[in-house]
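Read through the structure below, which is laid out as structure tokens, and then see the notes.
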Amino acid sequence: MKHIAIFASGGGSNAESILQHFSTHEEISVSLIMTNNPQAGVIARAYRWQVPCLVLNKKHHQDGEFLAAQMQQHRIDLIALAGYLKLIPGPLIRAFPDHILNIHPALLPKFGGKGMYGMNVHEAVILSGETHSGMTIHRVNERYDEGEILFQAKLAVKPGWDAATLQQEVLKLEHAHYAKTIEEVIGG
Ligand code: GRF
């Protein structure tokens, strides 16, 4: 059996689609959910799927050795970031070379980097008049949003769309592709 940990800070709709995808898988399971936010919607999702969930305080989410030890204890093979808003500490990245993935709601390298998360990304895309947006799944290294790109899906931004519409449409692409890409990476 291979084991996935999901790190999420918010509602967790991507976490939900990953939990759903692997719920019937015979060789891969979601074995741990980590959040830094005690109000995060992902906590209720973890409870419903009966997956252990750790709520990290400030000291712990910054402590790479602590996080790596938690991963080891749950025999985690791959970490999927799904709307996780804290920086992953270096020691955790070094403990999982090439095995931490992130999903970003735009076509990196555009609209990435500091401050580019959540609605900020979609607002920036709409303001810039881009004709296309999409989503990117990439490996996480020690430079924000700069790891190897594994998968991108693109959509046309239709006239009249606002940032909220764009967010909804991008989320559909995220839900369609993240779990499959995780499965490819973890499967070898
Ligand atoms: C997604 O748009 C993801 O790309 C970004 O944060 C958002 C998380 O949404 N990193 P959700 O919590 O999975 O609904």
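The values are calculated or read from the model by the stated rules, or taken from the named source; none is laboratory data. If you're wondering where the values come from, they're calculated on a predicted model, not measured in any experiment. Here the Cβ positions follow ideal geometry from the backbone for every residue, glycine too, while neighbour counts run over all protein chains shown. Calculation scope for accessible area: heavy atoms of the full protein, side chains included, ligands and nucleic acids excluded. Shrake-Rupley method; radii C 1.70, N 1.55, O 1.52, S 1.80 Å.
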For this session: Might you check whether a residue that is among the acidic types (Asp, Glu) and under 18 Å from Ile182 (Cα atoms) occurs anywhere in segment 118-141?
Result: no
Exercise. For segment 82-188, list the helices (runs of 4 or more DSSP H) that sit wholly inside it and hold at least 2 residues that are aliphatic (A, V, I, L, M) and under 19 Å from Met34 (Cα atoms); which are they?
Worked result: 90-95, 163-186
Seminar exercise, completed: Considering segment 26-45, residues that are open to solvent by 50 Å² or more (accessible area, probe 1.4 Å) and away from the ligand (no atom under 14 Å from the Cβ), and then whichever is nearest to the chain's Cα centre (by Cα), we arrive at Pro38
For this session: Given the conditions (1) within 16 Å of the ligand (Cβ to nearest atom); (2) part of a helix (DSSP H, G or I); (3) buried (at least 20 other Cβ atoms within 10 Å of the Cβ), report the number of the one that Ala5 does not fulfil.
Result: (2)
Exercise. How do the pairs read when you match residues in segment 62-85 that are more than 12 Å from Ala5 (Cα to Cα) with residues anywhere that are part of a loop (DSSP other than H, G, I, E, B) and open to solvent by 50 Å² or more (accessible area, probe 1.4 Å), using Cβ under 9 Å and keeping only pairs 6 or more apart or on different chains?
Worked result: Gln62/Lys86; Gln62/Leu87; Gly83/Tyr117; Leu85/Tyr117
Problem set entry | Residues of segment 47-83 satisfying the condition of being under 15 Å from His99 (Cβ atoms), within 16 Å of the ligand (Cβ to nearest atom) and out of contact with any helix residue (DSSP H, G or I) (no Cβ under 8 Å at 6 or more places or on another chain) | Leu81
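Condition check ((1) crowded, with 16+ Cβ neighbours inside 10 Å; (2) of a type in the set (S, T, N, Q); (3) modelled with pLDDT under 95; (4) closer than 27 Å to Leu67 by Cα) across all residues:
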residue	(1), (2), (3), (4)
Phe111	yes, no, no, no
Val125	yes, no, no, no
Ser133	yes, yes, no, no
Gln152	yes, yes, no, no
Thr165	no, yes, no, no
Exercise. What are the residues in segment 56-78 that are out of contact with any His (no Cβ under 8 Å at 6 or more places or on another chain) and surrounded by 16 or more Cβ atoms within 10 Å (Cβ to Cβ), if any?
Worked result: Leu56, His61, Asp63, Gly64, Ala68, Gln70, Met71
